[in-house]
Each structure stands twice: as structure tokens, then as C-alpha cells.
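Take a look at the structure set out below.
The values are calculated or read from the model by the stated rules, or taken from the named source; none is laboratory data. Predicted model only: the values in this text are computed from it and were never measured. Quick reminder, even Gly has a Cβ in these numbers, built from the backbone with ideal geometry, and neighbours come from all protein chains shown. Only protein heavy atoms, including side chains, enter the accessible area calculation; ligands, DNA and RNA are left aside. Shrake-Rupley method; radii C 1.70, N 1.55, O 1.52, S 1.80 Å.
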Amino acid sequence: MSSAARSADAAPRPGPVAVCVDRPVLSLDRPFTYELPEGLDARVGSLVQVPFHGRAVRGWVLGPTNDLPKRMAPIRAVVSPIPQFDERMLELFRWMSVRYVAPLASIIRRSSPPRVAGEETEPTRGASQTTPSAPGPERVDRGRPSPLSRCRNGDRLLRALAGGAGAFVVRPGPDDEAAIAVECVRATLASGRTAIVIVPEADPLPATAAAIGEAFGDAVEWFLGGDRRARYRTWIDIQSGSRPVVIGTRPAVFAPVPDLGLVFVHREAHAGHRDERSPRFHARDVARARAELEGAVCVLESFAPSLEAVAGGGIPVETPGRPWAPVEVVAPGPEGRSPRLLRALAQARRAFVYEPLRGYGVARVCRSCGEPAACAECRGTVRMERGSVRCAVCGAEGRCATCGSNDFGIARGGAERVEEWARTVTRVPVQHLEPSAPARPPADPEVLVGGVDTVKDFGPLGLDLVAILNADVSLRRPGLAARERALTTWFEAAAWARRDGRVIVQTAHPNDPAVQALVAGRPARFHRAESARLEEAGFPAGAAVFRVVGDAELESVLDGLPHHALLVSSTSEATVCLLALDPADVARFGEAMRRCAERGVVSRVEAEPHV
């Protein structure tokens, strides 16, 4: 049954209905009752106009209600003829409102593109089609061996895709990543259900998304970028059910497809799956919740699954054997030039050198006054990049905080310096790819030097060499998830090396669990060590983390609730609390925060802040 058909079946009769008023304030996070007049075609998800505190505002119909106030105003008008959600999506929105302690109105706002009224007057493509059809056999390579049939627990995933449900954490080999995604979509369509594939970024288009598009052709609806009108047009087309596969970035997790069978999150540990706007959510968590609510399969795929994905208890699916190039660990030489790396670069025709540090070097001392280098504006780190010296924190021109001089002693090291010395080692072209430049794979022949912005899904590239420099710097960066992000990037870069190629990691700590996870080609040891570290810090893997801002009473309120950790910072103006708690305690925490917001004790609740 299509989304439109479900919404039609759920159309409320004239009478009292609950409306979520478009006022995303935590203290007003409750439905309000309005009278649905005779002849007004409103249903669950309809965008309507209602009176609210003397003003005409918009809201969304949530369905009939028995909560009858003494006075009840009528709904004035239906704003859009196209419902923005149905009952199943409303369940997901309510789950998100609880999980992220966010007003339901803010969740609904973010679940679909901004409305463009002009697009609603045109006929929807394929609107009469209620059951999507699978692509024709000319699009499917039936003779290709099944990559999932070779994987551990791959048969369980295939059975679920044939009409069942469940959560799976898939760890493919570099050569199988796109093929496994294609097979998951193919099995879903064969069962008569639809699929959503969520990719972390649209530019460049991930090779996995391109492979699905090539395999299924016109059966795919692309929800990647575009202007406001194009995105709303695509949203209406998705709701019509005319195409059974949707490929998109993070917002595609809300795609209103009918008969959902699969939500596939490509490279789920990628930072692009996390929404940085309030209410913050992670596509991985919403995908799993939606699949559970709709009886679908959720596949979380990554070379190095996140701790959250593992802690969620999904069934592991993994390519057998060791599909990775061997990893060599060497001690760093001066400026990262270890003898083994230099020899490998001299022999490589096509290589990638991962350098997490930008620029040419960091200022260590002011040559004029002899004081340690620091920015005159903010006392931040001063760095040389593209021939100029600037503050790495505030971006100001590099001036000594003590004497104002711009003459610094530079400790050389960074991607620009690596490019410089690599040209003296190899006979092939060497190119440094700046963060602002479009990402691309190394040419043939070429040595490409780049940072985290360069590591994308270009598919298996078959490089002779992948070198990872300054591994220790990556692991020491601030943030609870910094080590996990570093390992994820290393795995994605190592996937570019051909199986008989070389991966060289330069580190002074070869026994670090993250380094050893890359050497083994399996992140299990890292997961165990990192879980213990986070548990000791009071932020166990899978915990819900919130930053709450309020008045002086806030600390005592939070201290009375179950929690793993509570960090408090108070000023004369506000109290800021960082709280980690078990997911089972989030609902109780949210109820308390809503009551406190009504009393003025809480001014802001921020879910999953950067820590």
C-alpha cells in the first residue's frame, strides 16, 4: 500500500483532532486539540492553519483525539493538499522526539524539504501506481557470484531481505563493498519491497551509489542536493511510489517510500551521517529505529563499524579471509621520512600519502623576542600554509602575542612539506590536494598527498602504496570519538591499496589497539579497548549524551536522575551540564526536562554534542 493510500485510510472524521503546532519550543511540546470542520479534507500529516494565542500559525494533524478542552477552536484551512507524513512516519518522529528530547514540531520540520506550492499543482509522476515494480532483467547480472553467500552470516541477511526484518552490521572487503550493496537492494526488490540507500555525501558521488544506480537504472530516485524546488519535486515523486529505490544523503532516512524493506546506511561511521543542526541526529540511529518500526531490514555498512553500531547488537556480517593489503608499521623518521617509506615511494607508480596535518609547518618560537609562538589575537597555534603564516584557530594574520612580530621559527611538517620532500624521492608526479580542492583519486602515474577530506568512496583503486603519516597525532586529537574517526579514515584509505600492494603506517606506538586493528584488518581489538576507555571516562559506548543549559536549580534536578556521568560548569548567568545516561533512562530524563522548561529552569537541551 502506498504512503498516500495509508494516509487516506487514516483520514480523521470531522470532530476533535490533535495538532502539532509549528512552535518548536520544548515548553510547548504537546499536541493541541482543534475541531476539524465538515468538508475540510485534512488527514494525518496534513499541513493546516490554526489559531494559536491570537495568531494564525501552521501545524500538522496528528489524528483524532479524546483530549477535549473546555474551548476548542476550529482548523481554519488546509495549507497543502499533500500530507507530509503518515501514521508510520509519525511513530518515527515521536521516537526521535523522545530519544533526542526535542520538540515534535522541530522533528517534523526537518523530515521533509521546505514546501514549494507551485510544485503541488503539477501531476505527480506515477501517482496512480501503488505497488513498485522491480527493474527488468536487463539491469541485473544474474550470473555474478553472490558476495553475501560467502560472508559470515550472509545467509541470515539474505533471508531477512527476502521478506523479514532485523539489524545487521556489515563489514565488507574493499572489492565487495559495492557488490554487497547492490545485492542487498536486489534481494529487497525481489521480495516486492522498496529500499532506501543513505550515503554520507553527494559530491563526489560514492562509487557504491554509482554502482546501485548502474544496476537498477530508472528504478532509482536520486535525492542528492538540488535547489529548493527540485528537492520538493523529488520528495513528491518519492511519495508517489513510482520508483522502488531511493538513494540520498542524510535526509533520505525520512524518504516517504511505500512498503519499506531495506534501509542501507553506507559507511555508517562517516561523520557526514551526523546532522549538526538542532535537533542533532545520526542517520544510523534513525535508520535502525525506522526499520524496526516498519518491519524492515537495517544494514549498517562500514569497513570499521562504529562503537554505536556494534553496541546496538546488530548481527555481524563479514567478508571471510583477509581481503586487505598487508599493513607494515614503521617508526617515524625526520618529518615522517622513514627509510622504508622512502624506498616504497621510490618504487611506487601510483600511491596515496595520508597526512592529517595541513600546511607546511607550525610556528614554535618568535625569532624577535624568543617567546613561544602564539597568536596575538587569541593565543592559538600559528601555522604556515600556502606561503603565509596565520592562526590555525581564529584565522588572523600570524603575529606574536608578546611582541607583535611576524618572524617565527617554523617546525616543518604537514601536507605541503610532505609534497615537497616526496618530489625528491619519486620519479612520478607528486600533487598535494588541498582541503578546498575537489576530491579525486590518484592519477596514473602519481603520488597524491592529502588529508581526511581526500579520503572518499572511489571504489577499489588498486594502488601500489598507501602511506599513513602522523598516526599518533590523529590518535591524540581531542574528543571522545577522535580515535574511532582516525581508525575509520585509515581503513577507508587502506582500501585503496591492491591486495598485493603495501600499506605503511608510521607510529611510535605500534601496539596501540587502533594501529593493531589496522594491522589485523579487524577492528574487534580496538572496540574492546575503546569500550573500556569510554566506560572508565563515564561515557560508555551507546550511552545517550546531552548538554543542558539552565539556571542554578538544574544541577540538583539532573543529579536526582539516573546517569553515568554528570559534569557541571556554572557561571553567574547559566549552569551548563553534560550528562551521559543509559538509553532506557532517556524518556524519564526528557519528561523531567520538559517540566523544567515549563518552569523556566531549562533553557536549552542539546542531544549528542561534540565531546
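Ranked highest first by the average count of other Cβ atoms within 10 Å around their residues, in what order do 92-104, 590-602, 310-322, 434-446 fall? Walk me through the intermediate numbers first.
Details: 92-104: 21.2, 590-602: 17.8, 310-322: 15.9, 434-446: 14.2.
Going by the mean number of other Cβ atoms within 10 Å, highest first, we get 92-104, 590-602, 310-322, 434-446.
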Charge-dipole axis of the chain as Lys and Arg at +1 and Asp and Glu at -1 on Cβ define it, positive-most pick from Pro12, His610, Ile82
His610
For the chain, longest principal axis from Cα atoms; helix 228-240 axis from its Cα atoms; angle between them, nearest 10 degrees, is 60 degrees
Take each of the peptides 295-306, 396-407, 242-253, 150-161, average the number of other beta-carbon atoms within 10 Å over its residues, and list them starting from the highest.
295-306, 242-253, 150-161, 396-407
In whole Å, what is the distance between the alpha-carbon centres of region 359-378 and region 316-340?
35 Å
log10 of Debye I(q)/I(0), alpha-carbon scatterers only, for region 142-213 at 0.12, 0.23 Å⁻¹
-0.32, -1.17
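Express the carbon and sulfur contribution to the solvent-accessible surface of the chain as a percent, rounded to the nearest whole number, probe 1.4 angstrom. Don't jump to the answer; show the numbers that get you there.
Details: 12710 of 26090 Å².
Of all accessible area on the chain, carbon and sulfur atoms account for 49 percent.
In region 254-306, which trypsin sites (Lys or Arg not before Pro) are in a loop and have at most 12 other Cβ atoms within 10 Å, using DSSP for the loop call?
Values: sites: Arg267, Arg274, Arg277, Arg280, Arg284, Arg288, Arg290; in loops: Arg267, Arg277, Arg280.
Those satisfying the criteria are Arg277.
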Could you work out, for region 518-611, what percent of all Cα-Cα pairs fall into each 5 Å distance bin, beginning at 0 Å and stopping at the bin that holds the largest distance?
3, 13, 23, 21, 15, 9, 7, 4, 3, 2, 1
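What's the magnitude of the charge dipole for region 38-87 around its Cα centre, counting Lys and Arg as +1 and Asp and Glu as -1 at the beta-carbon? Answer in Debye, nearest 20.
Values: 6 positive and 5 negative charges, 73 e Å.
Dipole magnitude for region 38-87 comes out near 360 debye.
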Distance between the C-alpha centers of region 234-250 and region 54-108? Whole Å please.
23 Å
Regression test value, accessible area per residue of the chain, probe 1.4 Å, units Å², expected 43 Å²
Quick check: the angle from helix 87-99's long axis to the longest principal axis of the chain, C-alpha only, nearest 10 degrees?
50 degrees
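First check a/c for the chain, with a ≥ b ≥ c the square roots of the eigenvalues of its C-alpha gyration tensor; if it is under 1.5, answer rounded, and if not, answer prolate when a/b is larger than b/c or oblate otherwise.
Numbers: a/c = 2.04, a/b = 1.37, b/c = 1.49.
Taking the square roots of the gyration eigenvalues as a ≥ b ≥ c, the chain is oblate.
Helix-only estimate, please: 222 nm mean residue ellipticity of the chain, summing -39500 (n - 2.57) across DSSP H runs of length 4 or more and dividing by its residues, to the nearest 500.
Working: 17 runs with 166 residues, N = 611.
Value at 222 nm, helices only: -8000 deg cm²/dmol.
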Expressed in angstrom and rounded, the centroid-to-centroid distance over alpha carbons for region 590-611 and region 400-467 is 44 Å
With DSSP loop assignment and no more than 12 other C-beta atoms within 10 Å, the GluC sites (Glu not before Pro) in region 553-584 are Glu573
Amide proton proximity set for Val197, modelled H, under 5 Å, gap of 5+
Val246, Ile247, Gly248, Phe264
Using unit Cβ charges (K, R positive; D, E negative) and no other charged atoms, how large, in debye to the nearest 20, is the dipole of the chain about its Cα centre?
440 debye
Lys/Arg Cβ at +1, Asp/Glu Cβ at -1, dipole of the chain taken about the Cα centre: which of Phe589, Leu341, Gly451 is farthest positive-ward?
Leu341
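Over the chain, calculate the relative contact order: mean separation of alpha carbon pairs under 8 Å at least 6 apart, over the residue count, as a percent. Before the final figure, lay out the partial values.
On the way: 1332 pairs, mean separation 76.8, N = 611.
Value for the chain: 13 percent.
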Dipole-positive endmost among Ala396, Ala325, Gly380 within the chain (Cβ charges, Cα centre)
Ala325
Region 271-357, dipole about Cα centre (Lys/Arg Cβ +1, Asp/Glu Cβ -1), debye to the nearest 20
440 debye
Relative to the longest principal Cα axis of the chain, at what angle does helix 482-494 sit, 0 to 90 degrees, rounded to 10?
70 degrees
